[in-house]
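In what follows, a structure is listed as structure tokens, so that the remarks can point back to it.
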Amino acid sequence: MKIIAQSAIAITSLLASLVSAHSASDSAQNQLQLWPAVHEQTVNAHNHDDVQPWHGDVLNLGDERKTILSKNQNGDLVFEFENAWWSAFSINLKQPANLEKFRRGGLLLNLSVESFQEAGMDITWQCGPGCERKASATQQMGAFLGAGTQSLLVPSSCFIRDTDNAGYVKTPLRIGAGGTGKVAFSGIKWVDSLNEVKATVLECPNYKTVALEPAPLTEHWALSWWMPRHEVKVKLAQTTDPELVFIGDSITEGWENAGAGVFEKYFGQYETLTLGFGGDRTENVLWRLNHGEVDNIDPKLVVLMIGTNNTGHRQDSPALVAEGIKAILDKLQQKLPNTKVLLHAIFPRSATADNHLREINSLINARIRNFADGERVFFKDINSEFLTEDGVLTEKVMPDLLHPEEYGYSLWAEAIKDDIKRLVK
């Protein structure tokens, strides 16, 4: 009887172990834990100039603009950034992960925000070579400041799009930041359900419509100057009578800086108003047009170029960016019914034609050229002026491969001076 009892106990114990192992397996299948590390993976520290692997001790990347990774006594991954334009860490798996099974779930982060000064933060996964999807967590990081350990759930719908293939992902997480801050991460994992997770759920814009919904620019680096600049431009619109208006992003804003001498040389004979704002996307231009920047004026011509920040910041779909540009043209027709528009193809960016971001811009340009009607809207593609015969953008034209300097502005001005003369008549 003793042997039978012992056998029964052993069998019961074995069954319990099998059930426990099966439950653990189910649990593992329902999540992808990234920190604390349970998979073979590397953690890299990033800034604009460098990428280095982190081995668990203190890693200090950069001099004046620092990225610092370390581990505290609790085993948390501590991410510090100082005066950073862009600072980040990424988790990279040796065996690619399938994020498709997490489409109805999201990314769960347990974290403590120890400092966050004039800072911003975004959460990203990489969807292929040059392809990334990101969600901004800036507002929530500010709300968590000094509140101890908090849980943040980022729904997959924030950054896995319907058309994305998330089945083979080597970098399921990159957290980027700017400004100055310190955040300790005690746990990071993808989960397959939003239910029964006690966490603050991140609210994010609809990626299908965000480029069409008027909004001011709220990036952390723009808060100190964007709205004051808008207010100045509104006053200028009320007190001047421009015949020529330039509307766009930082490339257009550059007419007031690196291109100022060129602007005066080529366009100084006109009454002008420049409405270029660094970082602007289509929705930001729509907001500015809705809030007085072209009220009470009746120019002969608007020169419009916008969209490269939709590409660079969010990698919006070409069709969506084209819709945003069409919405701007419609708004200009409503606000300035007597004004012609010279619509530019978005300028080339990055060195070569096979760069992912340049390819997106090219697809946008293929769509927006169809908005020209030859009566009110005129399309102008001068991109070949900036490129070598084999399609290379050099630093002589755009030192950062995005923004022209004086030489690049002279190429631009020379290419459109006759169009402006003709359309301003």
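The values are calculated or read from the model by the stated rules, or taken from the named source; none is laboratory data. The structure presented is a predicted model; accordingly, all values stated were derived computationally and were not measured. As a convention, Cβ positions derive from the backbone with ideal geometry for all residues, glycine included, and neighbour counts pool all protein chains shown.
Odds and ends about this structure:
- Just one of (1) modelled with pLDDT of 95 or more; (2) within 16 Å of Leu336 (Cα to Cα); (3) of a type in the set (A, V, I, L, M, F, W, C) fails for Val262. It is (2).
- Val197 part of a strand (DSSP E or B) and hydrophobic (A, V, I, L, M, F, W, C): no
Table: residues versus (1) within 26 Å of Asp400 (Cα to Cα); (2) among the small types (Gly, Ala, Ser).
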residue: Val234; (1), (2): no, no
residue: Thr240; (1), (2): no, no
residue: Ile247; (1), (2): yes, no
residue: Gly259; (1), (2): yes, yes
residue: Lys265; (1), (2): yes, no
residue: Gly268; (1), (2): no, yes
residue: Thr272; (1), (2): no, no
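- Among the candidates Ala199, Ala237, residue that is surrounded by 14 or more Cβ atoms within 10 Å (Cβ to Cβ) and not assigned by TED's automatic domain parsing to the domain that holds Trp86: Ala237
- Options Ile251, Ile175, Ile247: the member that is assigned to a strand (DSSP E or B) and closer than 25 Å to Asp122 by Cβ: Ile175
- Residues satisfying the stated conditions in the range 389-399, i.e. surrounded by 12 or more Cβ atoms within 10 Å (Cβ to Cβ), of a type outside the set (S, T, N, Q) and part of a loop (DSSP other than H, G, I, E, B): Gly391, Val392, Val397, Met398, Pro399
- Top-ranked residue in the range 220-244 [being assigned to a helix (DSSP H, G or I) and without any contact (Cβ under 8 Å) to a residue 40 or more places away in the chain; ranked as farthest from the chain's Cα centre (by Cα)]: Thr239
- Any pair with Cβ under 8 angstrom, 6 or more apart, that starts in the range 63-81 at a residue that is within 19 Å of Trp35 (Cα to Cα) and ends at one that is of a type in the set (Val, Ile, Thr) and part of a loop (DSSP other than H, G, I, E, B): Ile68/Val58; Leu69/Val58; Ser70/Val58
- So Phe81, is it part of a strand (DSSP E or B), in the same structural domain as Leu173 (by TED's automatic domain parsing), crowded, with 18+ Cβ neighbours inside 10 Å and touching a Leu at 6+ places or on another chain (Cβ under 8 Å): no
- Single condition Leu217 does not satisfy, out of (1) surrounded by fewer than 21 Cβ atoms within 10 Å (Cβ to Cβ); (2) aliphatic (A, V, I, L, M); (3) under 22 Å from the mean Cα position of the chain (by Cα): (1)
Residue by residue, here is whether (1) of a type in the set (Gly, Ala, Ser); (2) at pLDDT 90 or above; (3) surrounded by fewer than 17 Cβ atoms within 10 Å (Cβ to Cβ); (4) in a loop (DSSP other than H, G, I, E, B) holds:
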| residue | (1), (2), (3), (4) |
| --- | --- |
| Val19 | no, no, yes, no |
| Ala24 | yes, no, yes, no |
| Val38 | no, yes, yes, yes |
| Gly56 | yes, yes, yes, yes |
| Asn60 | no, yes, yes, no |
| Asp63 | no, no, yes, yes |
| Leu69 | no, yes, no, no |
| Ala88 | yes, yes, no, no |
| Gln95 | no, yes, yes, yes |
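- Per the conditions (1) more than 25 Å from Gly75 (Cβ to Cβ); (2) buried (at least 21 other Cβ atoms within 10 Å of the Cβ), the sole criterion not satisfied by Val210 is (2).
Every residue, every condition in (1) crowded, with 20+ Cβ neighbours inside 10 Å; (2) touching a helix residue (DSSP H, G or I) at 6+ places or on another chain (Cβ under 9 Å); (3) of a type in the set (A, V, I, L, M); (4) over 28 Å from Glu100 (Cβ atoms), yes or no:
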{"residue": "Gly130", "(1), (2), (3), (4)": "no, yes, no, no"}
{"residue": "Ala135", "(1), (2), (3), (4)": "yes, yes, yes, no"}
{"residue": "Gln139", "(1), (2), (3), (4)": "no, no, no, yes"}
{"residue": "Ala143", "(1), (2), (3), (4)": "no, no, yes, yes"}
{"residue": "Ser151", "(1), (2), (3), (4)": "no, no, no, no"}
{"residue": "Arg161", "(1), (2), (3), (4)": "no, no, no, no"}
{"residue": "Ala166", "(1), (2), (3), (4)": "yes, yes, yes, no"}
{"residue": "Thr180", "(1), (2), (3), (4)": "no, no, no, yes"}
